[in-house]
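Q: Before I ask anything, here is the structure I am working with.
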Amino acid sequence: MRQASHGLTVETRGQGLVEITRPVTRWVEAQGMTEGLLTVFCRHTSASLLIQENADPDVRTDLEAYFATIAPEDPGRYIHGSEGPDDMPAHIRTALTQVSLSIPLADGRLVLGAWQGLYLFEHRRRPHRREIALHLIGA
């Protein structure tokens, strides 16, 4: 068994889904492993990770609108507000999604469905530099 790890920096433009499939796939392919398991981990509490459809951009638009509805920016609603009115909703959105993904590797490729992509989901309004840890174990 071999292991490899890498840090991926993702620059966001504010709230929304940022597809990271290509840089993750390129790194995995460069490791030369054929079978294994990739762990993708977001090192933040106000951003998360999703595997989601990458064919129709309306899916991303609808997801972003849905999360804005279930965790709205409403300063009167939350106690925590020291980092701005978008911070507590960002924490809630992260809690409802995930910060870690596990993706199998078979025949040298990530086992993703035909329309699946990997996304960083930025929950804060202003741009951020997000750190994603990648860890691949396999042969």
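Q: Just to be sure, is Gly16 in contact with a helix residue (DSSP H, G or I) (Cβ under 9 Å, 6 or more places away or on another chain), farther than 29 Å from Arg2 by Cβ and among the small types (Gly, Ala, Ser)?
A: Yes.
Q: In a strand (DSSP E or B), touching a helix residue (DSSP H, G or I) at 6+ places or on another chain (Cβ under 9 Å) and either among the small types (Gly, Ala, Ser) or exposed (fewer than 12 other Cβ atoms within 10 Å of the Cβ) (or both): does that describe Gly117?
A: Spelling it out, Gly117 is indeed in a strand (DSSP E or B), touching a helix residue (DSSP H, G or I) at 6+ places or on another chain (Cβ under 9 Å) and either among the small types (Gly, Ala, Ser) or exposed (fewer than 12 other Cβ atoms within 10 Å of the Cβ) (or both).
Q: When only residues in the range 129-139 that are surrounded by fewer than 19 Cβ atoms within 10 Å (Cβ to Cβ) and within 30 Å of Ile79 (Cβ to Cβ) count, which is nearest to the chain's Cα centre (by Cα)?
A: Taking the candidates together, the pick is Glu131.
Q: Answer yes or no as to whether Thr21 is at pLDDT 95 or above and closer than 30 Å to Ala139 by Cβ.
A: So Thr21 fits the description; yes.
This table checks each residue for (1) within 21 Å of Arg125 (Cα to Cα); (2) modelled with pLDDT of 95 or more; (3) charged (D, E, K, R).
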residue: Glu29; (1), (2), (3): no, yes, yes
residue: Thr45; (1), (2), (3): yes, yes, no
residue: Asp62; (1), (2), (3): yes, yes, yes
residue: Arg93; (1), (2), (3): yes, yes, yes
residue: Ser100; (1), (2), (3): no, yes, no
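Q: Kindly indicate which of Glu35, Glu53 is closer than 18 Å to Ala4 by Cα and charged (D, E, K, R).
A: Answer to the check: Glu35.
Q: Across the range 83-109, what is the total count of residues that are buried (at least 17 other Cβ atoms within 10 Å of the Cβ), in a strand (DSSP E or B) and not β-branched (Val, Ile, Thr)?
A: Residues flagged as buried (at least 17 other Cβ atoms within 10 Å of the Cβ), in a strand (DSSP E or B) and not β-branched (Val, Ile, Thr) within the range 83-109 amount to 2.
Q: Hey, another quick one. Contact list please: Cβ distance under 9 Å, first residue in the range 90-104 and without any contact (Cβ under 8 Å) to a residue 24 or more places away in the chain and under 16 Å from Tyr66 (Cβ atoms), second residue aromatic (Phe, Trp, Tyr) and buried (at least 17 other Cβ atoms within 10 Å of the Cβ), pairs at least six apart or on different chains.
A: Final answer for the pair search is Ile92/Phe67.
Q: Of all residues in the range 1-12 being within 14 Å of the chain's Cα centre (by Cα) and not acidic (Asp, Glu), which is nearest to Ala68 (Cα to Cα)?
A: Checking each candidate, the answer is Thr12.
Q: Test each condition in (1) loosely packed, with under 11 Cβ neighbours inside 10 Å; (2) over 21 Å from Val10 (Cα atoms); (3) touching a residue at least 12 places away in the same chain (Cβ under 8 Å) for Glu73 and report the one that comes out false.
A: If we test Glu73 against (1) loosely packed, with under 11 Cβ neighbours inside 10 Å; (2) over 21 Å from Val10 (Cα atoms); (3) touching a residue at least 12 places away in the same chain (Cβ under 8 Å), just (1) comes out false.
The values are calculated or read from the model by the stated rules, or taken from the named source; none is laboratory data. In this text, all values refer to a predicted model and were calculated from it rather than measured experimentally. A quick note on method: Cβ atoms are made from the backbone with ideal geometry, for glycine too, and the neighbour counts reach across all protein chains shown.
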